[in-house]
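The values are calculated or read from the model by the stated rules, or taken from the named source; none is laboratory data. The shown structure was predicted, so the numbers you read here are calculated from the model rather than taken from an experiment. Glycine also receives a Cβ, built like all others from the backbone with ideal geometry; neighbour counts cover every protein chain displayed. Note: accessible area is taken over every heavy atom of the protein model, side chains too, but ligands, DNA and RNA are not part of it. Shrake-Rupley method; radii C 1.70, N 1.55, O 1.52, S 1.80 Å.
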Amino acid sequence: MTYFSVRMRANTQGRHISGAERIVDAAHVAETCAQLAQRALDHPKGEAAQTHLTVEALDVAAITHADALRVDVAECADPDAARAVIHGLLAPLTPHVDALIRETFAARDMRGAMLVCAGTGARLEPDCERGVRVSHMDTLEYTQATGKDAAREALVLASKVAAHPDVIAELCISDDPEYTTGYVAHAGTYTRIPHIKPAGSRAGARAFLVREGADIPALIDYLERQPVLIRTEAQA
Ligand code: WAQ
Ligand code: MG
């Protein structure tokens, strides 16, 4: 079967409005284009003035598969409790945990994720303002998705990222001021973290904790370009 990467990005006078992508078979390309085009028009930031759709045939032999992470939910009543949960999960993995958490909460308006070396705490990506943008991933089975489903899309992204042996963990905070559930992915588990930030906060970023000595160009190539289909529990 042929698969296609279908990607949408939309802007209004250069301001990014919306972006989303799927990997689907030929029978679902037209429907997916329609859904993504509609999504750019329905975005809460306003109807996009320009929407770009890309449909790219994938080499089937190049597509790899990975299992979805297990989903767990931490009990957190407020951002202080959330901070303690994040610290508890990440502190065993790097001596630079405090800087990692501080920088992730301080970052604004990045399009991609920070790559942070677990051993040294150094930033590893070539463009630290932009970060590294993960692309070319979806669920193995076709799922119809009309609106934005943040939790589903985040689980797919986190499962692709975690499948690379040089990524030890991920910390994610949505940049939507009203979406206050974030997550930490580590050791096969995606731990949802409610109240990771107060409602109205403009914080929002991702950080990938990377093994010291990793081949960074190879890791970035995997994150940006390797097509990965994620087996979710429903399909197991
Ligand atoms: N690759 C790398 N980093 C990205 C990407 C990407 N494709 N998309 C977004 N980011 C970075 C960027 O810095 C954003 O500011 C930040 O992540 C947050 O992106 O289970 O919606 O799209 O309910 O706002 C978590 C769901 C939702 C938790 C996260 O992220 C749950 C979310 P957003
Ligand atoms: Mg967002």
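Extension gain, Val60-Glu141: 0.36 nm per intervening residue step, less the Cα-Cα distance, totals 27.7 nm. Spin-label model, His16/Ala81: points 7 Å from Cα along the beta carbon direction are separated by 3.2 nm. Protection proxy ranking for 215-228, 49-62, using the average of other Cβ atoms within 10 Å per residue and placing the highest first: 215-228, 49-62. Helix 79-90 and the longest principal axis of the C-alpha atoms of the chain enclose an angle of approximately 90°. Taking only alpha carbon atoms, segment 65-231 gives an Rg to Rh ratio of 0.93, where Rh is the Kirkwood radius. Counting only alpha carbon atoms, the long axis of helix 29-41 and the longest principal axis of the chain meet at about 60°.
Hey, which lysines would be in cross-link range of Lys160, C-alpha to C-alpha under 20 Å, not counting anything within fewer than 8 residues on its own chain? Leaving aside lysines fewer than 8 places away in the same chain, those within reach of Lys160 are Lys148. Whole-percent P(r), segment 146-236, all Cα pairs, 10 Å bins from 0: 15, 44, 32, 8, 0.
The heavy atoms of Cys172 offer some 10 square angstrom of accessible surface to a 1.4 angstrom probe. The modelled label-to-label distance between Asp175 and Leu93, using points 7 Å beyond Cα along the C-beta direction, is 2.2 nm. Between 0 and 90 degrees, rounded to the nearest ten: what's the tilt of helix 150-162 against the longest Cα principal axis of the chain? Tilt of helix 150-162: around 70 degrees.
Using the Karplus relation 6.51 cos²θ - 1.76 cosθ + 1.60 with θ = phi - 60°, the per-residue 3J(HN,Hα) values for segment 180-196 come to 9, 9, x, 7, 10, 10, 6, 6, x, 10, 9, 9, 6, 10, x, 6, 5 Hz, with x marking Gly and Pro. Rounded to the nearest 5, the antiparallel percentage of DSSP beta bridges internal to the chain is 70%. Solvent-accessible surface of segment 3-62, taken per residue with a 1.4 Å probe and all protein chains present: 53 Å². Taking label positions 7 Å along the Cα-Cβ direction at both Asp221 and Ala49, the computed distance is 3.9 nm, reported to one decimal.
Using C-alpha pairs below 8 Å separated by at least 6 residues, the relative contact order for the chain is 25 percent.
Around the amide H of Ile17, modelled in the peptide plane, lie the amide H atoms of Ala10, Asn11, Thr12, all under 5 Å away and 5 or more residues distant in sequence or on another chain.
Ligands, DNA and RNA left out, the 1.4 Å accessible surface of segment 137-236 is 51% carbon and sulfur atoms. Considering helices alone, the calculated mean residue ellipticity of the chain at 222 nm is -7500 deg cm²/dmol, with DSSP H runs of length four and up weighted by -39500 (n - 2.57) and normalised per residue.
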